[in-house]
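To start, the structure itself, in structure tokens.
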Amino acid sequence: MHLLRFCADCVADTLHNVCPNCGGGFSPRPIRPARNWKGDNDTTHFPPSPKGKHRPVDVTTHEIFAGPIRGMPVARR
């Protein structure tokens, strides 16, 4: 499992349910996107791991990244 933890308020209000690392959505077990949206950050290049990773989010950069895909249903990303 991909262990990145974000608080519920950040997921809803800041990240708009778009993972800043892969473009997938947030759920108890995140849905990985079907397409490599960002930086080869997919399961082919980085398989799921039990180790968590700290990756701070730059809000401005995330808005640019998430804008085109946040309205897309997670299962279709």
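The values are calculated or read from the model by the stated rules, or taken from the named source; none is laboratory data. Worth saying up front: this structure is predicted, and the values here are computed from it rather than measured. Here Cβ is always computed from backbone atoms with ideal geometry, including for glycine, and neighbour counts include all displayed protein chains.
For region 5-26, the count of residues that are within 9 Å of the chain's Cα centre (by Cα), farther than 17 Å from residue 68 by Cβ and at pLDDT below 75 is zero.
Mind listing just one residue for me: the one in region 39-63 that is surrounded by 10 or more Cβ atoms within 10 Å (Cβ to Cβ) and among the β-branched types (Val, Ile, Thr) and, of those, farthest from residue 6 (Cα to Cα)? Restricting to residues being surrounded by 10 or more Cβ atoms within 10 Å (Cβ to Cβ) and among the β-branched types (Val, Ile, Thr), the top hit is 43.
Across region 60-75, a minimum of one residue is classified as modelled with pLDDT under 90 and out of contact with any helix residue (DSSP H, G or I) (no Cβ under 7 Å at 6 or more places or on another chain).
Looking only at residues of region 33-43 that are touching a Cys at 6+ places or on another chain (Cβ under 7 Å) and under 18 Å from residue 57 (Cβ atoms), we find that the one that is modelled with the lowest pLDDT is 33.
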